[in-house]
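Written below as structure tokens is the structure these notes are about.
The values are calculated or read from the model by the stated rules, or taken from the named source; none is laboratory data. Remember, predicted model here, so these are calculated numbers, not experimental data. FYI the Cβ positions are ideal-geometry reconstructions off the backbone, even for glycines, and counts take in every protein chain you see. Surface accessibility is based on the protein's heavy atoms, side chains included, excluding ligands, DNA and RNA. Shrake-Rupley method; radii C 1.70, N 1.55, O 1.52, S 1.80 Å.
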Amino acid sequence: MEFAEISERIRKLGEETENELSSVFSEIDRTREKNFLKVLGAFRKSRVSDFHFKDTSGYGLSDPGRDKVEEVYKNIFHSESALVRPQIISGTHAIAITLFGLLRPGNTLLYLSGAPYETGEAIIGIRSAKTSLKEFGVEFAQTDTSKGVSAESEKLIKNATVGVIQRSGGYSYRKALTIGEIRRMISDAKRINPHITIMVDNCYGEFVETEEPTDAGADVVVGSLIKNMGGAIAPTGGYIVGTESAISKIEGMLTAPGTGREIGPMLGLTRAFLQGVFFAPQVVSNALKGAVFAARLFEKLGYETRPKWDEKRGDIVQAIKLGSPEKLIAFAQAVQFVSPVDWDAEVEPSYLAGYENDILMAAGTFVQGSSIELSADAPMKPPYVIYLQGGIYYEHSKLASLVAASRIEKLIGR
Ligand SMILES: *Cc1c(COP(=O)(O)O)cnc(C)c1O
């Protein structure tokens, strides 16, 4: 790849890298093909028509476009019910609505995949926040059953009302869970406690494999439309899919008890939501290829990565342990530098609502904060790990990795 900022040595290393990736890329293409067919099948089964793209406003009573979007999601996730709305602002919001709908005072919420994603800490009340679940008398516990159930975990599961599995690692530098692992974790939990309701935080995981957590026995699955499911087209939104029994408890928290899912205008976004989900398998496959390239390139330069380039992936996020704040900033600035929007913006660590540490964030994106578009972020703390994700084009992430590598090599005088 020719670009002024790429050093000759890194350009050559990039070519070498790319030559090694064909078998992993073929596997990603096969997954995309299956997911494309699944999504197309969902559209055809739902009989989506041009008529559904009409705008609605106000209460949004009987919005046929909204019903169609939710039907398409039901068909993709093989679920009984779905809420897919612009009124769900983010993944965090979808998680909050779901947990407040499912839990009552005195109940216990149990994370089965270790520590929750940072913004979840405020919802739960691990980090003090007004109107947290803790303020409403909901207890919290966490364990990790991804490698099996200990006696301690078994006790916690017996006592829990809702169990949560977070598919992606967030900023924890653990590997994302595969559908196979999620399936095992759900069947273990339900064997021990048949009454437990399992929610999967599916952020960054959609279309990475050919099945989704609903196929693996989850009762509720949630995510953001400015990540994978929106296909880089949806300008906002979130989704909650699952059993009718679960969704009927959650819908009152989406709008109000009594009105539930019956109201909620699509505000002209129906077409963007549908187009986005149609593009999603394609965008996710490009993001995955970009992640694989970044992993291999930085492994060749001597860095530890998670996952490794040829490991089975459960999400689109590539973590690279850079080891110093200077390298972290150099990487993020390189991503910003090759962005189509705000390429000349200064990337600096700063406060972000919902997060404890200052966050370094590079995102020259069309949709604010969209991380299905090429983006990189990192909490400013040791061991200084950059999280790279998204990329509508594989070539875009490849360019970012090559520029980042060139700058980092220069920084250390190589
Ligand atoms: C991004 C993310 C969230 C939060 O989603 P937002 O849309 O940023 O609020 C929650 N959980 C995981 C695992 C995530 O990756």
How much length is gained if the chain between E2 and R104 is pulled fully straight, taking 0.36 nm per residue apart and subtracting their Cα-Cα distance, in nm to one decimal? 30.9 nm
Considering only the stretch 113-263, what is the antiparallel percent among its DSSP beta bridges, to the nearest 5? 45 percent
Quick one: order H396, H93 from most to least accessible surface, probe 1.4 Å. H93, H396
Dipole magnitude of the chain, debye to nearest 20 (Cβ charges: Lys/Arg +1, Asp/Glu -1, about Cα centre): 680 debye
Taking a 1.4 Å probe, which of Y387, Y351 shows the most accessible area, and what order do the others take after it? Y351, Y387
Among 119-125, 46-52, how do they line up by average Cβ neighbours within 10 Å per residue, starting with the highest? 119-125, 46-52
When the solvent-accessible surface of protein heavy atoms is calculated with a 1.4 angstrom probe, in what order do D310, D188 fall, highest first? D310, D188
In nm, what is the difference between 0.36 nm times the number of residues separating R30 and K300 and their Cα-Cα distance? 94.6 nm
Tell me the accessible surface of K308 in square angstrom (1.4 angstrom probe, heavy atoms of protein chains only), to the nearest ten. 90 Å²
Kirkwood hydrodynamic radius (Cα pairs, Å) of the stretch 1-42? 12.6 Å
So what's the convex hull volume per residue for the Cα atoms of the stretch 55-266, in Å³? 117 Å³
Please report the antiparallel percentage of the DSSP beta bridges confined to the chain, to the nearest 5. 65 percent
Nonlocal amide H pairs with E304, under 5 Å, H built at 1.01 Å: K321
Cubic angstrom per residue, convex hull over Cα atoms of the chain: 136 Å³
Kirkwood hydrodynamic radius (C-alpha pairs) into Stokes-Einstein, the stretch 249-343, 20 °C and 1.002 mPa s, D in µm²/s: 126 µm²/s
What do you get for the angle between helix 270-300 and the principal long axis of the chain? Use alpha-carbon atoms, 0 to 90 degrees, nearest ten. 40 degrees
Kindly write out, for the stretch 346-362 in residue order, the coupling ³J(HN,Hα) from the Karplus curve 6.51 cos²θ - 1.76 cosθ + 1.60 (θ = phi - 60°), rounded to whole Hz, with x marking Gly and Pro. 7, 9, 9, x, 8, 5, 9, 3, x, 10, 7, 7, 4, 10, 9, 9, 10
